[in-house]
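Reviewing the structure listed below.
Just so you know, all these numbers are worked out from the coordinates, no wet-lab data involved. Computed from a predicted structure; not experimentally measured. Neighbour counts run over all protein chains shown; Cβ positions are idealised from the backbone, glycine included.
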Amino acid sequence: MIPEDFLLDFEENLDPSRGRSKYRINVLGYGEISVVFEIPEYAGFAFKRIPNFKSEEEVKGYIELFDYYESLLRNAGMRLLKSHATYVLRKDGKAVLYIVQEKVNPSQVCNKIIHQHEDITQIFIDIIEELEKVWKFNEENQGVEIGIDGQISNWALKDEELHYFDTSTPMVRINGQHQINAEVFLRAAPPVLRTILKKMFLQEILDRYFDFRLVVVDLIANLFKERRSDAIPKLVEIASDYFGERGIEPLTYDEVKKYYDSDASIWSLYLNARKIHRFFTTIAGRRYEYFLPVRIER
Ligand SMILES: Nc1ncnc2c1ncn2[C@@H]1O[C@H](COP(=O)(O)OP(=O)(O)O)[C@@H](O)[C@H]1O
Ligand SMILES: [Mg+2]
C-alpha cells in the first residue's frame, strides 16, 4: 500500500513540535495521543501517527492487539474503514506506529453531518444501534469484551451506511483485564501528570469505554463541544426510553451537562500541561514527539 521507505523518510524528516514536515501534510484531526493527516502524494489515505513506543517489541504487540480489536469489531457486525497498521524504526532507535486508513471525505464524518441537518435524531438512533452490536457481542462472548469510543466524530457515513473508524486505541478486556499497554498512553502525558493519571484516572478512563450507558452519555455530552446542544434534551429522552426498555438506568440532562463540564476541564488541563512540557523539552534541546493542536474547542 504505502512503501516502507517512504514512511521512514517521512518520519526521519518530521518536526512534530512545530508540526513541520519535508512533505506537504494536511492535518485531519488531533487526538489525545495521535495526529491524523493526509499527504497529497498518497491521496485517498489518512495517516495516524502514534510515537509512544520504546521498542520494536512493544509496537509489534500493539499492532497485534490492533488487528485483534478490528477483527472483534467486525465479528460483532460493525463496518470499519479499511486500515493497515505498520511501524518504522528511527535511527535513534524509537519505534513509531503508523495506521494507514482509507480516507473519507471530511464532509462524510458525522460531526460534519450533524450540521447539515436540523433533526439529528435518526443519525443518533443509528449510532446507538451500531453500539448495541458491541454490547450484544460482549454478552455473548464470555471473557472477551470490546470497548468503544462512540463519539460523533468517530463515525463516517460511507455508501449511506455508518462506518466506525477510530480503532487506533484497541480496547479489549479479557477476563476483566485491559489488554492495552497503558504505559504507551501515559508517555504522551507530561511526567508530573503521569503519576496522577496512573493512580487516579487511567482505570476509570479505560473502563468507561466498556459501559454502554457511559458511552452514550459521552456521545450526547460531546454535542456541547460540537455546537449542537440544542439537540441534547431530545436525545436524552430517546436514550432514556431506549435504556428503559432494556433495564438500564435512564439519563438526565443534568447528568450529561455535569459530565461534559468535568470532561472538558480535564482535557483542557491535559492539553495545557502538554504545551508546558513541550516548551521545557524544546528549550532543553530535546526532541518533542507530539503534534499538539493550537487550542482545543470545547
Ligand atoms: N479515515 C479518515 N478519513 C477522514 N478523516 C479522518 C479519518 N480518520 C480520522 N479522521 C479525522 O481525524 C479525526 C480524529 O481521528 P480519530 O481516528 O477519531 O482519532 P482520535 O483517536 O484522535 O480521536 C476524526 O474525527 C476525523 O475528523
Ligand atoms: Mg476520535
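Using 0.36 nm per residue and subtracting the Cα-Cα separation, the extra length available between GLU129 and GLU64 on full extension is 20.6 nm. Under a cut-off of 17 Å between alpha-carbon atoms, report the lysines in cross-link reach of LYS199, not counting same-chain residues fewer than 8 places apart. Filter leaves no residues. With respect to the chain, whose longest principal axis is taken over its alpha-carbon atoms, helix 232-244 is tilted by about 70°. Of all lysines in the structure, the ones whose alpha carbon falls short of 16 Å from that of LYS257, not counting any fewer than 8 places away in one chain, are LYS225, LYS234. Note on GLU12 and LEU28: the model spin-label points, each 7 Å out from Cα along the C-beta direction, lie 2.7 nm apart. Between the helical axis of 253-283 and the longest alpha-carbon principal axis of the chain there is an angle of about 0 degrees. Along the chain, the exposed loop sites are GluC sites (Glu not before Pro) outside DSSP states H, G, I, E and B with at most 12 other Cβ atoms within 10 Å, and the longest stretch free of them is 1-117. Please give the Cα centre distance for the range 155-192 versus the range 75-150, rounded to the nearest Å. Result: 9 Å between the Cα centres.
Just the projected area, averaged over all directions, of the convex hull on the alpha carbon atoms of the range 4-283: how many nm²? List each step's numbers first, then the result.
Working: hull surface 60.8 nm².
Reported value for the Cα convex hull: 15.2 nm².
Once the C-beta distance of VAL192 and SER262 is scaled by a Förster radius of 22 Å, the resulting FRET efficiency is 0.60 to the nearest 0.05. Result for the chain in a Gaussian network model with C-alpha springs under 10 Å: among ILE50, ILE205, ILE148, the largest mean-square fluctuation is at ILE205.
With respect to the chain, whose longest principal axis is taken over its alpha-carbon atoms, helix 212-225 is tilted by about 70°. Rounded to the nearest 20 debye, the dipole magnitude of the chain is 1580 debye, with +1 charges on Lys and Arg beta carbons, -1 on Asp and Glu beta carbons, and the Cα centre as origin. Comparing ALA273, ALA76, ALA284 in a Gaussian network model of the chain, where Cα atoms under 10 Å apart are tied by springs, the biggest mean-square fluctuation is seen for ALA284. Here the translational diffusion coefficient of the range 105-213 follows from Stokes-Einstein with Rh set to the Kirkwood radius across Cα pairs; for 37 °C and 0.692 mPa s it amounts to 209 µm²/s.
Using a Förster distance of 35 angstrom, determine the FRET efficiency expected from the C-beta separation of ILE248 and ILE113, and round it to 0.05.
On the way: r = 27 Å, r/R0 = 0.76.
With a Förster radius of 35 Å, E is 0.85.
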